[in-house]
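Worksheet: the structure to be examined is printed underneath.
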Amino acid sequence: MSSSDVIVIGGGLVGTAVAYGLSRLGGNITLLDEGDDAFRASRGNFGLIWVHGKGRGAPHYARWTRESGRRWPTLAARLRDETGIDVQFEQPGGFHLCFSDAELEARSERLAAVRDEVGGDYPFEILERAALRERLPQVGPKVVGASYSPMDGDVNPLKLLRALHAACTQRGVVLKAGHGVERITHADGLFTAHGGGRQFRAPKLVLAAGLGNARLAGQVGLNAPVGPSRGQLIVTERTRKLLDHPTGHVRQTDEGSIQIGESVEDAGFDDSTTTSTLAELACRAVASFPMLGRLNVVRVWAALRVMTPDVCPIYQESTSCPGAYVVACHGGVTLAAAHAFRIAPWIDGAAAPDELGAFRGDRFPVADHPAQALDRHHAY
Ligand SMILES: Cc1cc2nc3c(=O)[nH]c(=O)nc-3n(C[C@H](O)[C@H](O)[C@H](O)COP(=O)(O)OP(=O)(O)OC[C@H]3O[C@@H](n4cnc5c(N)ncnc54)[C@H](O)[C@@H]3O)c2cc1C
């Protein structure tokens, strides 16, 4: 039996960002992670810090995302100062390319609606082809225009995960890899996480187990109906600097390779790749930037998003088991700063951020299944 002040279950980007934020506030924290057998979106994502276009009809989500993007420079600087790891954060602004006038029109209308819903302060531009070519000369002839926002950027997501782990360890968080939690009990104000013959006890417990939250939440009176949404990605050989800005589907990594994303598929828990989908991704990338057609592909993979029915995050403290929290989301790279600097203080006892009321897990019926309600347009 081990005791601490807080147990965080899940060592992906969400759990480590929360644990890092909590560790800055003091207290003994234990982070339990199932390990390599689990699905781990944090090891297979696209690495965008993406704001513009997210959250139409959900201004709380649009604001939450925008505010996280604004806190990202602080997160990157603190991780570099504390760990020496440069997570390669850049925020040069991102482009969303459109391939028809109708698509560009719909994009313009969508962004204007989100800007109105959040009450302004939502910078973006709609660029017709000629204006786009001045800013992004590499675009192909099929691209008719784009939206651009200075709010967007990217990061090396694996370095981010490593930096968060290192920062947690340096601040005294006890990381227990290979500790899958099978069961949680609650008695006398204490939670006990049981798994692999070990028990961990604390007065506070944070569920940050990605897709594993769906099973664990009900054990502490919470509801987290997350489900898998498959995304396939391609990475090319390294090349000279070709792109100064990320787009929603193509970005150049800090190591020089071109990363091409990403499908949105309902494939259950199957995280294998398919040639037909990868071919579609490659075609769209080459239509976006024809010079990519000369590059060799070196690796492809698929990973499962942690998707809620309305694509917005779930943040809630349990009413029947106070002290138990759930933190589940898609967009865990973008939202890492919000998790470290806004969610962690709330779990530590500070007032809840204004947006949080709208993110409760009990907004969904308990039996709801995410795949049924997936709105693909919210994703990217
Ligand atoms: C293809 C793809 C592209 C993406 N692109 C982007 C992007 O560009 N920008 C962006 O912001 N987001 C992106 N995302 C989303 C982002 O990757 C996720 O939101 C984020 O990684 C979720 O982190 P997590 O910690 O909740 O989940 P995970 O990374 O899945 O981690 C969950 C962890 O919990 C552990 N666990 C599970 N069950 C248990 C248990 N019972 N006991 C103990 N531990 C347990 C697992 O071992 C795992 O380490 C993308 C996702 C995918 C799949």
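The values are calculated or read from the model by the stated rules, or taken from the named source; none is laboratory data. These figures come from a predicted structure and were not determined experimentally. Cβ placement follows ideal geometry from the backbone for every residue including glycine, while neighbour counts extend to all protein chains displayed. Note: accessible area is taken over every heavy atom of the protein model, side chains too, but ligands, DNA and RNA are not part of it. Shrake-Rupley method; radii C 1.70, N 1.55, O 1.52, S 1.80 Å.
Couple of notes before you dig in:
- For region 301-331, a residue qualifies if it is within 30 Å of SER100 (Cα to Cα) and surrounded by fewer than 17 Cβ atoms within 10 Å (Cβ to Cβ), and exactly one does: TRP301.
- Failed criterion for HIS339 (all others in (1) open to solvent by 10 Å² or more (accessible area, probe 1.4 Å); (2) within 16 Å of the ligand (Cβ to nearest atom); (3) outside any loop (DSSP other than H, G, I, E, B) hold): (1)
- Residue list for region 41-59, restricted to those being over 23 Å from VAL6 (Cβ atoms), in contact with a helix residue (DSSP H, G or I) (Cβ under 6 Å, 6 or more places away or on another chain), open to solvent by 10 Å² or more (accessible area, probe 1.4 Å) and within 10 Å of the ligand (Cβ to nearest atom): ASN45
- Which listed residue, of GLY261, GLY231, is crowded, with 16+ Cβ neighbours inside 10 Å and at pLDDT below 95: GLY261
- Sole residue being among the charged types (D, E, K, R) and within 21 Å of LEU292 (Cα to Cα), chosen from GLU134, GLU82, GLU128: GLU134
- Verdict on LYS159 being within 16 Å of the ligand (Cβ to nearest atom) and basic (Lys, Arg): yes
- For region 189-248, a residue qualifies if it is in contact with a Cys (Cβ under 9 Å, 6 or more places away or on another chain) and more than 10 Å from the ligand (Cβ to nearest atom), and the qualifying residues are PHE191, LEU205, GLN219, VAL220, GLY221, LEU222.
- Condition met for VAL298 (farther than 21 Å from PRO228 by Cα, assigned to a strand (DSSP E or B) and either open to solvent by 50 Å² or more (accessible area, probe 1.4 Å) or within 13 Å of the ligand (Cβ to nearest atom) (or both)): yes
- Residue count, region 20-57 (criterion: small (Gly, Ala, Ser) and touching a Lys or Arg at 6+ places or on another chain (Cβ under 9 Å)): 7
- Residues that are among the hydrophobic types (A, V, I, L, M, F, W, C) and either farther than 19 Å from HIS179 by Cβ or more than 8 Å from the ligand (Cβ to nearest atom) (or both), drawn from region 18-40: VAL18, ALA19, LEU22, LEU25, ILE29, LEU31
- Test: TYR61 is in contact with a Cys (Cβ under 7 Å, 6 or more places away or on another chain), outside the structural domain of TYR325 (by TED's automatic domain parsing) and in a helix (DSSP H, G or I): yes
- Looking only at region 200-223, and only at residues there that are surrounded by fewer than 24 Cβ atoms within 10 Å (Cβ to Cβ) and in a loop (DSSP other than H, G, I, E, B), the one that is nearest to the chain's Cα centre (by Cα): ASN223
- Taking (1) outside the structural domain of ASP348 (by TED's automatic domain parsing); (2) among the small types (Gly, Ala, Ser); (3) surrounded by 15 or more Cβ atoms within 10 Å (Cβ to Cβ) in turn, GLY268 satisfies each apart from (3).
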